[in-house]
Amino acid sequence: MNKRIDCIKMEYRMNIRSFLLPLFFLGVSAFAELPTAKDLAAKMGFGINIGNTMEAISGNTDTGVITSAGPEAWGGKYPNKEFITAIKNAGYSTVRIPVSWYAHADTVNNVIHQSWMDSVKTVVDLCVNAGLYTIINIHWDFGWLEKHIDKVDAATKDRVNARQKAFWTQIATAFKEYDEHLLFASANEPDVNDQAGDEAHQTLLLYHQTFVDAVRETGGNNASRSLIIQAASTSFDLAYSKMVMPTDKISDRLMAEVHFYPYTFTLMDGDADWGKASYYWGDYLSTTDPERNATWCGKEFVDENFDKMKEKFTSKGIPVVIGEFGAMSRSNILSGADLELHIKGRAQFYGYVAKAAKDRGMIPITWETGGTGPGTMTTISTADYTVFDYPVMNAIRTAYGLPELTKGAETNKMLVATYDYFATEAAKGDSSTYGQISFDVVKSDITPYTSISIKANISGTTSSDGKYGYTGFNVVTMSSDEKAEWQWREFSILGGKDPVWGKWHEYKVPLSQNIADSATALISYNPKKIVFIGIQSYLQYFKGSVAIDYIAFNKADGTADTLYSFNSGLANKDGAVTKLELLPYSETPSGLIPARRANFSRGFVIRDEGFGNFTVVSDRNCVRKFVVTDALGKVLTSKTVRLSKGENRIRLGEGAFEKGFVVVK
């Protein structure tokens with residue numbers, strides 16, 4: 001895919017130099033003959049693209065002038081270990097890394113810059129070391145190959161073919177020691193449509209043959225590495241009717257690649273004179289909006305096309321990689337019952353395609369960019385490295401016989417707060433006390449969310465000397481008004497009921513912006529400028545603990561964002577909370593735990609380095625005021641700092657921060 005679907009501004013940049021390569025990694029092996037393509041295909045399961053990262057390139061395609069390249073060119077960031085771990089934990093077995101090389105090379109002499117080769121190797125190492133089958137290609141790459149296939153003169157053809165040989169010789173040499181977990185793909189979507197003549201297909205075959213020969217000539221494990229060959233336009237029809245595989249020195253080491261995007265349902269973002277965008281698929285067609293039903297590309301269409309690939313390739317021992325497939329979410333234009341119907345049909349589409357591929361010996365790879373905005377195809381968010389789209393993720397997992405994921409399945413840590421009423425001043429009298437856990441955020445906008453889910457296990461006792469106590473838990477928010485004054489709002493987690501004692505339970509707090517809902521929902525004073533979110537308890541004679549698996553903010557379309565990473569840090573505590581600690585999560589897994597707080601940072605990531613020192617990663621050069629407040633909004637200290645784009649280290653004061661949290665103005 002060349003179009004940048006849902007390319008959102010990411011919150012921080014991972015410096016590629018910060019990765020430390022292990023002394024030994026899974027990808028290196030002796031030069032024994034690697035497994036056949038068919039043997040690999042049986043292990044590759046379903047895959048995911050790490051899109052809009054290593055292939056990102058901006059500039060003028062007419063003049064060939066490149067203005068920027070690398071993940072930052074499209075607002076992204078380098079893939080990191082947290083992202084790859086999230087991919088692995090979600091059940092993916094294969095990763096496709098689209099890569100640009102032209103923008104990182106001396107294009108006169110066709111020499112790839114070593115720094116870029118090292119950057120690509122770092123990302124490949126993360127994937128291979130995680131046990132993922134990893135595909136790297138020459139992606140669109142400013143069209144130097146893909147736009148020079150049909151109707152090109154001999155000089156242009158020779159120039160492109162020479163670059164194809166030079167680039168793949170260098171790439172293959174750099175990776176020749178890697179084992180079968182690494183696969184090479186010749187190109188991306190060669191621009192040869194169904195109107196092109198035989199000469200265009202012969203030119204494309206020439207480029208592919210050059211790719212195969214260049215890789216094999218580098219020796220090492222490349223002598224038997226599995227290679228992936230793209231059909232013209234990665235079209236099912238052209239693959240079936242026109243595709244010829246290049247010759248190879250070793251048998252059974254080639255795969256074919258096609259992409260699957262039934263346009264009106266998957267990519268069309270507006271109506272045209274010739275037709276309308278489709279929102280509903282499969283068993284979930286609309287009776288009230290039938291012109292939006294994707295009837296032309298339903299289950300029969302999938303079966304017909306996939307059967308062609310079986311007949312042409314997989315039945316003959318040539319695996320087929322569906323290098324990209326997916327369908328845009330329409331959550332930005334649908335609501336209510338229509339949105340629910342769309343979510344179900346879209347998930348069924350993913351599941352049906354995955355199952356159809358699996359049954360025919362094909363490897364389906366979802367197209368993803370990690371963003372969570374309108375038109376997304378994302379299952380794993382790169383904002384917090386968690387599952388973003390559970391309906392789609394579970395549809396694919398079900399197709400492969402895997403159990404469904406629920407919120408919390410990716411975590412390995414839980415936050416445990418210990419409460420002791422008797423340790424407080426209130427124990428001397430007959431009054432209640434409070435305990436608070438505060439999660440610092442930076443002027444977060446919670447208007448996109450409909451509810452908050454908190455999975456918790458509340459355990460303990462509430463009686464002493466014949467007196468029966470009670471405990472109540474509220475979600476609290478503090479927001480600022482136009483005068484920057486703090487405004488407190490709260491709502492009961494328990495809804496007037498007793499906790500579910502001693503068991504994991506998901507408590508849900510509705511969110512609303514309508515004051516008429518104040519009896520049934522949390523209404524923040526200013527939901528667009530939340531300063532902090534916390535869980536506050538009112539206790540009498542309670543001694544025990546509250547373990548929290550996750551805190552998720554739910555959207556109307558069934559997706560969720562997370563607030564806090566219990567894998568990476570603690571919250572703040574006060575009152576009757578005598579201890580906060582991170583413990584391994586060993587109870588029934590369920591939930592969505594983020595890997596960091598990026599969803600709530602809006603341009604900044606703040607990392608607590610201890611002793612009042614902080615690393616602030618900014619997406620721009622700017623001046624910001626950092627204010628440390630207590631739980632009631634009282635300013636303890638403040639400091640104005642000039643930030644540079646990237647990492648900045650600041651000190652706010654050790655003593656002030658021990659019982660406070662940071663607000664960025």
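Structure summary
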| read-out | value |
| --- | --- |
| One residue from Gly270, Gly275 being surrounded by fewer than 19 Cβ atoms within 10 Å (Cβ to Cβ), farther than 16 Å from Asn305 by Cβ and either in contact (Cβ under 8 Å) with a residue 40 or more places away in the chain or under 26 Å from the mean Cα position of the chain (by Cα) (or both) | Gly270 |
| Residues being farther than 26 Å from Trp74 by Cβ, assigned to a loop (DSSP other than H, G, I, E, B) and small (Gly, Ala, Ser) - total across the stretch 332-391 | 2 |
| Pairs where the first residue, in the stretch 417-436, is assigned by TED's automatic domain parsing to the domain that holds Lys455 and the second is at pLDDT below 55 and in a helix (DSSP H, G or I), C-beta under 8 Å, 6+ apart | Tyr421/Ala427; Ser432/Ala426; Thr433/Ala426; Thr433/Ala427 |
| Where His139 falls short, out of the listed (1) assigned to a loop (DSSP other than H, G, I, E, B); (2) more than 21 Å from Glu324 (Cβ to Cβ) | (2) |
| Selection count, the stretch 359-413, where residues are modelled with pLDDT of 90 or more and of a type in the set (Lys, Arg) | 2 |
| Residue that is farthest from the chain's Cα centre (by Cα) [pool: residues in the stretch 495-514 that are surrounded by fewer than 18 Cβ atoms within 10 Å (Cβ to Cβ) and at pLDDT 85 or above] | Asn514 |
| Pick from the stretch 151-176, criterion charged (D, E, K, R) and within 36 Å of the chain's Cα centre (by Cα), ranking: farthest from Ala200 (Cα to Cα) | Lys176 |
| Among residues of the stretch 184-199, those that are within 15 Å of Pro246 (Cα to Cα) and either surrounded by fewer than 21 Cβ atoms within 10 Å (Cβ to Cβ) or touching a Cys at 6+ places or on another chain (Cβ under 8 Å) (or both), counted | 0 |
| Residues (touching a Phe, Trp or Tyr at 6+ places or on another chain (Cβ under 6 Å) and either touching a residue at least 60 places away in the same chain (Cβ under 8 Å) or under 17 Å from Trp140 (Cα atoms) (or both)) located in the stretch 191-220 | Phe211, Gly220 |
| Which numbered condition Ala155 misses (of (1) over 26 Å from Ala73 (Cα atoms); (2) touching a residue at least 40 places away in the same chain (Cβ under 8 Å)) | (2) |
| Test for Ser524: is it within 34 Å of the chain's Cα centre (by Cα) and of a type in the set (Ser, Thr, Tyr) | yes |
| Any chance Thr379 is crowded, with 24+ Cβ neighbours inside 10 Å, under 12 Å from Thr559 (Cα atoms) and in contact with a strand residue (DSSP E or B) (Cβ under 7 Å, 6 or more places away or on another chain) | yes |
| Selection count where residues are touching a Leu at 6+ places or on another chain (Cβ under 9 Å) and among the hydrophobic types (A, V, I, L, M, F, W, C), scope the stretch 501-548 | 9 |
| Any chance Thr247 is of a type in the set (S, T, N, Q), surrounded by 22 or more Cβ atoms within 10 Å (Cβ to Cβ) and assigned by TED's automatic domain parsing to the domain that holds Lys355 | no |
| Number of the condition not met by Leu204 [criteria: (1) farther than 30 Å from Gly345 by Cβ; (2) in contact with a His (Cβ under 8 Å, 6 or more places away or on another chain)] | (2) |
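The values are calculated or read from the model by the stated rules, or taken from the named source; none is laboratory data. It should be emphasised that the depicted structure is a prediction, and the values quoted were computed from it without experimental measurement. Here Cβ is always computed from backbone atoms with ideal geometry, including for glycine, and neighbour counts include all displayed protein chains.
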